[in-house]
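Have a look at the structure below, then the notes.
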């Protein structure tokens with residue numbers, strides 16, 4: 001049998017080469033980690049803002065449909081409104097002019113990394129769709145995040161400037 005030089009050459013990688021590749025991968029992962037957590041926080045913030053706008057639109061349409069006032073307020077319990085401007089504990093959409101008579105939807109507490117505050121403790125929509133407590137501004141923010149603002153005009157229009 002005749003052997004050529006290439007037929008007995010071993011293929012593969014050495015332990016040193018493997019350790020160098022693992023070290024480079026670890027360095028790249030450590031650089032990507034912080035920006036990935038910022039991405040997750042921005043995504044959570046966008047999700048909360050979208051859910052809130054959806055619930056505000058639902059509250060307005062329910063007020064028109066039922067021909068009765070509907071509230072969006074801080075969630076103290078699953079059937080009772082709180083009295084602060086902080087929606088960190090979640091929010092309720094419910095039928096009622098000043099108190100939660102019939103809950104329509106309940107939103108759970110926000111992640112600890114996010115904040116959600118308003119300039120009123122409740123947002124009310126009248127049967128004609130207008131805002132019962134005048135113009136309201138809600139602000140969603142968090143550590144290292146730019147604030148996202150939701151405005152409800154006196155006429156009940158909901159916007160995200």
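Computed from the coordinates by the stated procedures, all read-outs in this text should not be read as laboratory data. Not measured: the values here are computed from a predicted model.
Some notes on this structure:
- Pairwise inverse Cα distances across segment 95-161, averaged and inverted, put the Kirkwood hydrodynamic radius at 13.4 Å.
- Average Cα contact separation per residue, the chain, under 8 Å, 6 or more apart, as relative contact order %: 18 percent
- Annotation: Cα Rg of the chain relative to the compact-globule expectation 2.2 N^0.38 Å equals 1.76.
- C-alpha center-to-center spacing [segment 102-161, segment 42-95] in angstrom: 7 Å
- Structure remark: mean-square fluctuation, Gaussian network model of the chain, C-alpha springs under 10 Å; the largest value among 33, 141, 118 belongs to 33.
- Rg then Dmax, both in Å and based on the Cα atoms of segment 39-95: 12.7, 42.
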